[in-house]
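Worksheet for the structure shown next.
The values are calculated or read from the model by the stated rules, or taken from the named source; none is laboratory data. Quick caveat: nothing in here was measured; it's all calculated off a predicted structure. Cβ coordinates were reconstructed from backbone atoms using ideal geometry, including for glycine residues, and neighbour counts include every protein chain displayed. Remember, those area values only see protein heavy atoms, side chains included, never the ligands or the DNA or RNA. Shrake-Rupley method; radii C 1.70, N 1.55, O 1.52, S 1.80 Å.
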Amino acid sequence: MRVEIDLNGIGVIVTASSRGIGFNVAKELLKRNARVVISSRSEENLKKALEELSGYGEVYSVRTNLFDQRDLENLVKEGWELLGGIDALVWNAGNVRCEPCLLHEAGYIDWIEASALHTVAPGYLTTLLVQTWLERKKKGTLIYLNSVSIKEPMPPLALADVTRAGLVQLARSVSRTYGKRGIRAYSVLLGSFDTPGARENLKAVAEARGEPFEETWEREVLGRTPLHRTGRWSELGSLVAFLLSEEAEYMLGSTVVIDGAMTRGIDI
């Protein structure tokens, strides 16, 4: 008999969640009785996502540009008010504008943009939430959705691979410093999930190589795992829900891989 984790009404912010990974994680958390705030810088996309997700549970939206300091501060402020307190953050972010691009194609501004999105924004949100949790003597959980490509780099996504790698250190640092206060963090390294963003990236790669999209998808996505499929949202949702639960407390600071055995190397 399948047993689902009941999140018992915890309040969770999920960033970049009007479509793709963030949207589907928000949906899975709502199915497990979390209360969720979704965010996006697109008002139109946010409205559509809110309408669809409202049928799954208590969900709110806050328009947020992850590159804007004031928007990040407002996300925490409004999120706290809407949920009556924030118990957790699930960090998610899309791609920077130049990607997929190789290193020799990236400019200075591209590196700034990647650092702002994948390092500064999650770092600053973490600071804001940790400060608030400490002030209110409240526990909290941070989950950074990351990519398995930080372990085995994908050249067209080099900017993201380099700047996302710090999220592993961030999760460990948060847990080491504040774990005794009930604040814990995790980094989740994702393999391939079927999203609009993933397909857009692979279409660009296919065009650059002059090959059919289906051939690129087969080689770069399906062919990399013995399961010959992408991850299921229920699988990712169950993992995130487990990490949000008290059952995962002793795992604080961990880096968790969900990639269908895509990566060839092992860590000892």
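Looking across the stretch 172-217, the residues that are under 20 Å from VAL130 (Cα atoms) and under 13 Å from the mean Cα position of the chain (by Cα) come down to ALA185, TYR186, SER187, VAL188.
The single residue among TYR124, TYR144 that is among the aromatic types (Phe, Trp, Tyr), assigned to a helix (DSSP H, G or I) and at negative phi turns out to be TYR124.
If you go through the stretch 28-51 and pick out every residue that is under 17 Å from LEU83 (Cβ atoms) and not small (Gly, Ala, Ser), you end up with 10.
When restricted to residues that are hydrophobic (A, V, I, L, M, F, W, C), within 20 Å of ARG136 (Cβ to Cβ) and open to solvent by 50 Å² or more (accessible area, probe 1.4 Å), the stretch 42-90 contains 1.
Taking the stretch 152-268 as the region of interest, the helices (runs of 4 or more DSSP H) fully inside it that hold 3 or more residues being closer than 29 Å to ALA116 by Cβ are 158-164, 166-178, 196-209, 233-244. Across the stretch 131-152, the qualifying residues are those that are within 18 Å of the chain's Cα centre (by Cα) and not hydroxyl-bearing (Ser, Thr, Tyr), and the one among them that is farthest from ARG41 (Cα to Cα) is LYS151.
For the stretch 84-102, the tally of residues that are within 17 Å of ALA165 (Cα to Cα), over 14 Å from the mean Cα position of the chain (by Cα) and among the aliphatic types (A, V, I, L, M) stands at 1.
Scanning the stretch 193-209 for residues that are open to solvent by 70 Å² or more (accessible area, probe 1.4 Å) and farther than 25 Å from ASN45 by Cα yields GLU207, ALA208, ARG209.
So is TYR124 under 20 Å from the mean Cα position of the chain (by Cα) and open to solvent by 50 Å² or more (accessible area, probe 1.4 Å) or not?
The answer is yes for TYR124.
So, ILE109, is that one modelled with pLDDT of 95 or more, over 24 Å from ASN45 (Cβ atoms) and open to solvent by 20 Å² or more (accessible area, probe 1.4 Å) or not? Judged against the criteria, ILE109 is a match. Out of everything in the stretch 159-181 that is β-branched (Val, Ile, Thr) and under 16 Å from VAL148 (Cβ atoms), what residue ends up being least open to solvent (accessible area, probe 1.4 Å)? Only one residue fits best here, namely THR163.
Can you find a residue that is touching a Gly at 6+ places or on another chain (Cβ under 7 Å), surrounded by fewer than 18 Cβ atoms within 10 Å (Cβ to Cβ) and touching a residue at least 12 places away in the same chain (Cβ under 8 Å) anywhere in the stretch 229-239? No, the stretch 229-239 contains no residue that is touching a Gly at 6+ places or on another chain (Cβ under 7 Å), surrounded by fewer than 18 Cβ atoms within 10 Å (Cβ to Cβ) and touching a residue at least 12 places away in the same chain (Cβ under 8 Å).
The set of residues in the stretch 250-268 being in contact with a strand residue (DSSP E or B) (Cβ under 9 Å, 6 or more places away or on another chain), over 16 Å from VAL90 (Cα atoms) and of a type outside the set (Val, Ile, Thr) consists of MET251, ASP259, ASP267. In the stretch 163-189, the qualifying residues are those that are among the aliphatic types (A, V, I, L, M) and either at pLDDT below 95 or in contact with a strand residue (DSSP E or B) (Cβ under 6 Å, 6 or more places away or on another chain) (or both), and the one that is nearest to ARG219 (Cα to Cα) is LEU189.
Has the stretch 211-223 got any residue that is open to solvent by 20 Å² or more (accessible area, probe 1.4 Å) and within 30 Å of ILE10 (Cβ to Cβ)? No, that holds for no residue.
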